[in-house]
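Comments concern the structure below.
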Amino acid sequence: MKKAIAENRLQPQSRGKAANLLKTIRKHWMLLLMVLPGILWCAVFRYGPMYGALIAFQKYHIGDSILTGNWAGLYWFKKFFSHPQFRQLITNTLAISILQLVFVFPVPIIFALLLNEVRNTKVKKLVQTVSYLPHFISLVAVCSMLNLLLNPSSGIINKILNVFGVESIYFMGSTQWYRPVYILSQIWQTFGYSAIIYISALSAVPQELYESASVDGASRFRQIMTISLPSIMPTVVIMLILECGKLLSVGYEKTLLLQNSANNSVADIISTFAYRVGMSQGMYSFGTAVDLFTAVINCLMVFVVNKISQRVSETSLW
Amino acid sequence: MMKDRSLSSKVFDFLLFAMCAVVLVSIIAPVLNIFAVSFSSYDAFARGDVSFWPVEFSLDAYKAIIHDGKVLQGLKYSVLYTALGTLINVILTILTAYPLSRPEMPFRKTISMFFAFTMFFSGGTIPTFLLVQKLGLYNTIWAMVIPNAMQVYNMIIMRTFFQSIPFELTEAARLDGANDFKILWDVILPLSKASIATIALFYAVMHWNSWFQASIYFSSSDKAPLQLVLRNMVINAETLVKSGEASNIGSTSINYATLFISMLPMMALYPFIQKYFVKGVMVGSVKG
């Protein structure tokens, strides 16, 4: 009895809600129609593969249905964690991402700080414009350049080394040189474009600050450290946090382009391993499981790092 | 005291000059070297005479490329994928971003979350590949444009652009009896030409530079875009050449020429389009 009354009391309200909903849908049907293709596309091509990733928990063969699949639990994950290459893959992946954080990340900041001090506006503009150029060169082209220019017999770099009496180095086939080449080329390709955000933050700093500092006798280096750097610090923190969220997902395509049988012991990373077992060897379930492992960790990293960012700098991704 | 300061200032200026020089040389020199080798004779290159300017100017490498046809075909397909892909991208991005920029849009928050989530989590390469196969897109040109019909990040940038348009403008049109499609077409789009150009360029560069999709969605290389042709020629071929073993100088010259062709369109365009990129980066940084 009580329940019925409660339901009776609830019903008109919820019916009113539904009617309201219908009304807003009818009123804004055009907006909803516009967004529909995007939603359908996203459902099929972004959420579809998430459903497809269930094969990570199955022994999937091409043509199998996922619904009635041959479930295997955590078989592939266990197989990955106990794989003889597992430690090497983790080490290589972390090595590249940490090297990237330490050596690639600061370069655009230093570049922006120094460029800000260049007084000749023509030179400044020229240097900045040229610094973007590598961003517009494709990854394949950059890796092709490395292959050609670092070639031990015909590449210009080794020719220059020879002039100074150094013997040719087979950079691309050496485990020792793989990481330096990777990191240096990464700096080369990204520093100018990444600096945009810092340069524009610097352009917002009032000139009077520098003037009064220089009247007080502060050297230009001191001005950089006390005025310029603090003013871009919030941007630096945000970029750093975003960078941390990519810990396990660095350099998939680049590694695929640079790895070969000679450098593979340091080049091979988790994502290229997943590609190899999944796409090349056709073990779809295994490859998907490895990818899923990375995707989950990356997703967690973003959430954790965003939480920290909310605490520390009151900036959040959402 | 004064003297000392001006001395340290001079040292500082010299350091700045050095930095500018390092940046310019490290970026221009490699490109110049590729240009030089590709336009030099095979002999001059084999002798090791070529550094930063063509020696014994020759078009042999380019003639060989035209004769072979593979690179030109790649170029053709790259243009096709870039044009078709960008067109689809821009239409879908605008259609999605505009409603989500409107405060009166029903379920706006939910739909935004629906899109945003995919930026942080994805099913991965292999399930996407299996899906493309299942939908019958494998080995068709549609595999190059449909799975990437939109980048959520670019859609959010577009939405931010749209949100910056004063509300009064659209309200005035609405009072005149214009519907949402008409407002988008007559009010929003004419005001957003620069922003649309920015987004279109983001997409165009993405398509032009992409090679990975082509490498997994085509079983043969007859529809390969230029970047994939380049990869197959330079990277796969070069890694076959072991250390010390001299590669065929003619084919290496052709590789330099192919590389130069693949870089040329973007290098020629970028000084004119870079300001749009700068703008896009700025908007993207304001709020994700």
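Based on C-alpha pairs under 8 angstrom that are at least 6 apart in sequence, chain B has a relative contact order of 28 percent.
In percent, rounded to a whole number, the relative contact order of chain A is 23, using alpha-carbon pairs under 8 Å and six or more apart. Quickly work out the B:Leu269-to-B:Ile141 label distance, labels modelled 7 Å from Cα along the C-beta direction, and quote it in nm with one decimal. Inter-label distance under the simple model: 1.7 nm. Rounded to the nearest 10 degrees, the inclination of helix B:125-134 to the longest alpha-carbon principal axis of chain B is 70 degrees. The simple Förster model, with R0 at 45 Å and r as the Cβ-Cβ distance, assigns A:Lys17 and B:Ile91 a FRET efficiency of 0.85. For A:Val163 and A:Ser280, a Förster radius of 51 Å and the Cβ-Cβ distance give a FRET efficiency of 0.80, rounded to the nearest 0.05. Label point of A:Leu126 set 7 angstrom out along Cα-Cβ; within the stretch A:169-209, no amide nitrogen lies under 15 Å from it. For the segment A:157-169, counting C-beta atoms of other chains within 10 Å of every residue's C-beta and taking the mean gives 1. Could you tell me which residue out of A:Gln85, B:Phe212, A:Ser65 lies farthest along the dipole of the protein assembly as shown toward its positive end? Charges go on the beta carbon: Lys and Arg +1, Asp and Glu -1, centred on the Cα centre. Result: A:Ser65, furthest along the dipole toward the positive end.
For helix A:139-149, report the angle its Cα long axis makes with the longest principal axis of the Cα atoms of chain A; keep it between 0 and 90° and round to the nearest 10°. Between helix and principal axis, roughly 30 degrees.
Listing B:Thr258, B:Thr82 from fewest to most neighbouring C-beta atoms within 10 Å gives B:Thr82, B:Thr258.
Charge dipole (Cα centre; +1 on Lys/Arg Cβ, -1 on Asp/Glu Cβ; no other charges) of the stretch B:1-58 amounts to roughly 380 debye.
Placing dummy labels 7 Å off each Cα toward the beta-carbon, the span from B:Val25 to A:Ile39 is 5.9 nm.
Arranged by the count of other C-beta atoms within 10 angstrom, fewest first, what order do B:Glu168, A:Glu253 take? Present the calculation step by step, with values, prior to reporting the outcome.
On the way: B:Glu168 8, A:Glu253 17.
Least crowded to most crowded, the residues run B:Glu168, A:Glu253.
What's the angle, to the nearest 10 degrees (0 to 90), between helix B:152-163's Cα axis and the longest principal axis of chain B? Orientation of helix B:152-163: about 50 degrees from the principal axis.
What's the magnitude of the charge dipole for the stretch A:75-313 around its Cα centre, counting Lys and Arg as +1 and Asp and Glu as -1 at the beta-carbon? Answer in Debye, nearest 20.
Working: 16 positive and 9 negative charges, 43 e Å.
Around 200 debye, computed over the stretch A:75-313.
When a/c reaches 1.5 or more, the comparison of a/b and b/c decides; with that in mind, is chain A rounded, prolate or oblate per its Cα gyration tensor? Oblate. Rounded to the nearest 20, the size of the Cβ-charge dipole of the protein assembly as shown about its Cα centre is 1940 debye, with Lys and Arg at +1 and Asp and Glu at -1.
For the protein assembly as shown, the square roots of the Cα gyration tensor eigenvalues, ordered a ≥ b ≥ c, give a/c of at least 1.5 with a/b no greater than b/c, which places it in the oblate category.
For an R0 of 30 angstrom, estimate the FRET efficiency from the Cβ-Cβ distance between A:Val304 and A:Val102 and round to the nearest 0.05. Walk me through the numbers before you get to the answer.
Numbers: r = 21 Å, r/R0 = 0.69.
Computed FRET efficiency for A:Val304 and A:Val102 comes out at 0.90.
Panel order for B:Asp180, A:Asp216, by other beta carbons found within 10 Å of each beta carbon, from fewest to most: A:Asp216, B:Asp180.
The numbers here are math on the coordinates, done by the rules we state, and not lab data. Every value quoted in this text rests on a predicted model; they were computed, and no experiment measured them. Neighbour counts run over all protein chains shown; Cβ positions are idealised from the backbone, glycine included.
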